[in-house]
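Here is the structure we will look at, set down as structure tokens.
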Amino acid sequence: MNPRLIDRVRSCNQKPVNTEGKYILYWMISNRRFNSNAALEYAAHLAEQHGVPLLVLEEISTSHQYANDRICTFMIQGMLENIRIFKDNNIRYVPWVETPLSGHTGKLHDLSKEAVMIVTDDFPTYFPSKAVRHASRSIARNMVAVDSNGVFPMSWTERAYPTAHGFRRFVHQNFVECMETWPQFNPVSKDHSLWLDDELYSSLSERWEFNVTPFEWLWRAGEPGSSGRDALSTIDIDHSVPPAPHARGGRSTSVRMLQEFLSNRLYRYADDRNQVKSPATSGLSPWFHFGHLSTVEVIQQILVTNNWDPETIQMPRKGSREGWWNLDRAVESFLDQIITWRELGFNNAYHIPEHNQYESLPDWAKTTLMEHASDERVQYTLKQIKEADTHDEIWNAAQRQLVRDGIIHNYLRMLWGKRILEWSPSPQIAAEWMIELNDCYALDGRDPNSYTGIFWVLGRHDRAWGPERAIFGKIRYMSSANTRRKFDLKPYLQEYRY
């Protein structure tokens, strides 16, 4: 194990380590992958240290607020690949989809009873965060959570950074050292002996009446069309949000998309990432969110491909968006997005418990929004907004893309939020509506990064702008008219016309 991995480990409780336990249990709930997974690497290290096998339980919860066919299908598709990957690497892996009768921690309670201790994922928001807090109190075993969310251990920062510039300076100051905390690509040695044998596994199954979710059901649930709908109909989730038609969960899809991006679009990223007609984006945020792909793996590939050496860093450019890396402008632009902006969201979620609530906005933003809360405005109901029933065809198209595909084009996602602010009865309700729509429909919703985007609309990580406007006050203004002038929207509007 990489010894600096300990920087990513957080104790969840003071329960005793079970020295008579028969295995280390890794409860996989957000970093749903084998490769470049700090939690899995640490769990494997503990198993070797205690001389016991490793048992991996990947659980899909169906009891959280926005559990629906779209979200569950994407995770199940990743689970199907994990069955093969873990088997190929000689690690006992248990795929398990929660049912209404199983409770919030599912099979964890049963399997924890004979575990030495539990390792889980340290995700700072939404349901995984709540589940870990609940489990650490209710189970009788020692539990640790391991941060494999990104480049930096979240614990390295002492505070929440209010601006991207300030956080970028932290990134540049600490990046070289933080590379020492990165997990290995392969978390287990080739000659490991961590397999939990069939006899022990059978005894666990009998004792706790424990059965994995059947592969045949998982396979059907991961398929498009009626096969998937029929399988998912047996679990208690929202069936009104169908699977995204153009996005399949799992490592293989994410790796293919990554290679396509690196080969065909990265060189255009700085200039064309906001283009609507042919955006030069990676499109990987859903796979990052569900943990099917690690940003560390992506960044390592980019740095190796570009022969980057820390000796070439331009320290006078510390804190600048360009120049510090001493790499091509497009590469630097992407690194700034995937490191500075993405991890700024995790930094805020880690340090601010109410990071996804209106009250977490900076004081200047709340003040200016309240000063204009009674301004006259066009108002739509949440139902009209959900159904893309507004007078703005650009906004309607963006909302249809979200509902249909589970994503919104990067630039239009900002406009989407600004218009919701403009049409809502109050800024507080605007925040609630954006969160509800994004968490329900977006594949990358329920994530620190998407909460960053939503609250940026309302002034977080931004500054006051002039001239002061109705409704917006000093909040940065965006309009559909300006968007129409900047981009060729005809193909996009045609695709999402209905």
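Annotations
- For the peptides 346-353, 322-329, residues were scored by their other Cβ atoms within 10 Å and the scores averaged per peptide; the highest-first order is 346-353, 322-329.
- Magnitude of the charge dipole, the range 208-284, Cβ model with Lys/Arg +1 and Asp/Glu -1, debye to 20: 520
- With a Förster radius of 25 Å applied to the beta-carbon distance between S205 and H134, the computed FRET efficiency rounds to 0.50.
- Linear extension gain, S11 paired with Y267, 0.36 nm per residue minus alpha-carbon span: 88.0 nm
- Angle of helix 198-207 to the longest C-alpha principal axis of the chain, folded into 0 to 90 degrees and rounded to 10: 80°.
- Rounded tilt (10° steps) of 126-138 against the dominant C-alpha axis of the chain: 30
- Extending 7 Å from the Cα toward the beta-carbon at both A470 and Q65 defines two label points whose distance is 3.2 nm.
- With all pairs of separate Cα atoms included, the range 387-451 yields a Kirkwood hydrodynamic radius of 11.8 Å.
- Using a Förster distance of 30 Å, the FRET efficiency for S193-R4 (Cβ separation, nearest 0.05): 0.75
- Of the peptides 169-181, 34-46, the ranking by mean beta-carbon count within 10 Å, highest at the top, reads 34-46, 169-181.
- For K386, a cut-off of 28 angstrom between C-alpha atoms picks up these lysines, skipping any fewer than 8 places away in its own chain: K130, K277, K366, K418, K474, K486, K490.
- Where labels lie 7 Å past Cα in the beta-carbon direction, separation of Q300 and F185 in nm: 0.6
- Order by protection proxy (mean Cβ within 10 Å, highest first), peptides 445-451, 383-389: 445-451, 383-389
- Only Lys, Arg, Asp and Glu carry charge here, each on its Cβ (+1 for the first two, -1 for the last two); on that basis the chain has a dipole of about 1140 debye about its Cα centre.
- Förster radius 25 Å - calculated FRET efficiency between K277 and E393, Cβ distance, rounded to 0.05: 0.95
- The chain: angle of helix 427-441 to the longest principal axis, Cα-based, in degrees nearest 10: 50
- Over 38 Å [Cα-Cα, the chain], rounded percent: 27
- Cα→Cβ-extended label distance, 7 Å offset, between R463 and W364, nm: 0.7
- Our compactness index for the range 284-422, the C-alpha radius of gyration over the empirical 2.2 N^0.38 Å, is 1.36.
None of the figures in this text is laboratory data; all of them are computed from the coordinates on show. Note that the structure is a prediction, hence the values are computed from the model and not measured. Every residue, glycine among them, receives a Cβ derived from its backbone with ideal geometry; neighbour counts consider all protein chains shown.
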